[in-house]
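Below is one structure; the comments refer to it alone.
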Amino acid sequence: MTIVLAGQPNAGKSTIFNLIAGVKAATANFPGTTVKYSVSRVKIGQEVCDCIDLPGTYSLQALDLAEVEARDYLLKHKPDVVVNVIDASLLCRSLEFTLELLELELPMVVCLNMMDEAVRKGYRINLKKLEELLGVPTVATVARTGEGIRQLFVTAIWVAKSGRKPKPPRYHRDVETAIEAIVGLIQSDCQERLDLPERFVAIKLLERDPQITEKVKEVAPNCLPLVERVREGLERHEGRPSDEIIRAERHAMASDIFEKAVKVEHPKVDFRQQVDRLLTHRYLGYVFLALIIYGIFYFVFRVGGALEGPLLAVFDDLGKWLQASLHLSGLWKALVEGLIQGIAGGSGNVLPYLVPFLLAMSVLEDVGYLPRAAFLMDAFFHRLGLHGKAIIPFVLGYGCNVPAVMATRILEDERDRITATILSTMVPCYARHAIVFGLVA
């Protein structure tokens with residue numbers, strides 16, 4: 001049995017996955033790509049399941065590499081059940097992706113994660129009403145504390161065994177007429193050879209999805225001119241592009257579901273919100289950003305300086321002991337000294353600074369400051385042709401350029417990834433610092 005976790009970024013998928021997978025999790029790449037996903041074999045009750053954590057994606061439109069691979073996995077592998085993890089505090093926005101997943105007609109469970117945050121924002125979510133409107137089981141969880149996780153996977157196994165498929169959402173009459181017309185055109189030629197739901201293919205053709213359009217072109221090229229006529233007719237009637245029409249329909253339906261299933265009360269203002277307002281303030285935010293970055297480097301150099309001396313002393317003593325005990329001279333003496341100095345250069349000069357830096361970065365990520373730093377730096381990075389979250393590989397570059405280059409995969413556009421890769425390699429990492437300081441000295 002295969003259980004797939006799918007959802008938007010920062011919804012808590014990986015936290016849920018780690019709760020059930022623990023140390024047994026493995027990381028793999030999609031074939032031919034650098035996009036990674038996590039997989040683990042776990043036992044839930046009496047069932048042994050393969051649990052897969054797909055990359056976070058905002059839609060099935062596949063605008064970047066991670067979205068393409070996540071969608072292709074769902075289309076090709078057809079898991080036994082999809083667990084759509086939603087940030088309950090951002091329910092209205094998240095439901096648009098849920099509606100897209102329903103169009104795949106795969107067995108599905110909706111996981112309302114971060115329910116504590118939703119309550120703090122004043123959201124009172126009627127789970128039974130939401131389940132009725134979506135047509136799929138809905139489970140509330142708080143992954144941070146583990147609340148509701150067992151019930152979530154018990155429900156997922158039940159849905160997988162029953163093979164219960166959801167009904168895809170229905171849009172207004174003009175859109176439904178266009179979808180039915182396209183389904184009639186592709187039904188005989190595409191259904192069996194594409195092995196995809198007819199309605200899903202029709203909607204993606206209306207959205208001008210390049211991958212689906214290419215697949216239809218391969219198996220039934222004669223359909224595409226007729227599909228274009230249907231699309232043009234819908235666009236003339238609505239007065240806007242067909243892909244915008246579909247997105248607007250999902251947005252309207254998500255808003256309607258939210259209004260029917262959620263009662264919004266006054267949010268609970270707490271200390272975290274007040275801190276968040278300060279950290280993202282128009283002016284004070286940059287002051288705090290500068291102080292935090294200064295604090296990181298102060299911490300790193302204080303800890304690194306305290307560790308560097310003793311570590312180098314250990315390698316010096318080791319070199320002296322080897323020379324005294326082995327009575328080395330000439331070429332062998334030079335080789336042993338070079339070997340020890342090389343290891344000391346990496347272990348004594350780099351690691352004392354790199355490890356505290358990566359530790360500090362992990363703390364900033366866990367407390368949620370990195371997205372706020374990206375928000376603050378967005379205007380500056382736009383002048384470089386990048387987005388604010390490019391600050392993450394740039395800051396990582398001070399620790400090591402290798403993880404900095406790997407971190408550029410969070411950028412959606414290929415041009416942005418290439419630009420950030422080139423620029424992040426120019427950031428002097430701690431290994432270079434040792435060389436620069438040596439040359440300066």
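Residue-by-condition table, conditions (1) under 16 Å from residue 138 (Cα atoms); (2) of a type in the set (D, E, K, R):
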residue	(1), (2)
151	yes, no
156	yes, no
177	no, no
187	no, no
194	no, no
200	no, no
204	no, yes
217	no, yes
226	no, no
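Looking only at helices (runs of 4 or more DSSP H) that lie completely in the range 52-136, which have at least 2 residues being more than 22 Å from the chain's Cα centre (by Cα)?
Answer list for the range 52-136: 115-120, 127-134.
Across the range 240-289, what is the total count of residues that are touching a Lys or Arg at 6+ places or on another chain (Cβ under 8 Å) and closer than 18 Å to residue 376 by Cβ?
Here the count works out to 4.
Do we have residue 386 as surrounded by 15 or more Cβ atoms within 10 Å (Cβ to Cβ) and outside any helix (DSSP H, G or I) here?
When the stated conditions are applied, residue 386 passes them.
Taking residue 73 as the residue in question, decide whether it is among the aromatic types (Phe, Trp, Tyr) and more than 30 Å from residue 210 (Cα to Cα).
no
Condition first: modelled with pLDDT of 85 or more, in a helix (DSSP H, G or I) and surrounded by 14 or more Cβ atoms within 10 Å (Cβ to Cβ). Can you find one or more residues in the range 261-276 that meet it?
So far as the range 261-276 goes, yes, one or more of its residues are modelled with pLDDT of 85 or more, in a helix (DSSP H, G or I) and surrounded by 14 or more Cβ atoms within 10 Å (Cβ to Cβ).
Name the single residue that is farthest from residue 195 (Cα to Cα) among those in the range 212-246 being in contact with a helix residue (DSSP H, G or I) (Cβ under 7 Å, 6 or more places away or on another chain) and not in a helix (DSSP H, G or I).
241
Restricting attention to the range 223-236, which residues are under 18 Å from residue 185 (Cβ atoms), over 33 Å from the mean Cα position of the chain (by Cα) and not β-branched (Val, Ile, Thr)? Break it down stepwise before answering.
In the first step, residues of the range 223-236 are kept if they are under 18 Å from residue 185 (Cβ atoms); the result is 223-235.
Then keep just the ones that are over 33 Å from the mean Cα position of the chain (by Cα); that gives 223-230, 232-235.
Selection gives 223, 224, 225, 226, 228, 229, 232, 233, 234, 235.
The values are calculated or read from the model by the stated rules, or taken from the named source; none is laboratory data. In this text, all values refer to a predicted model and were calculated from it rather than measured experimentally. FYI the Cβ positions are ideal-geometry reconstructions off the backbone, even for glycines, and counts take in every protein chain you see.
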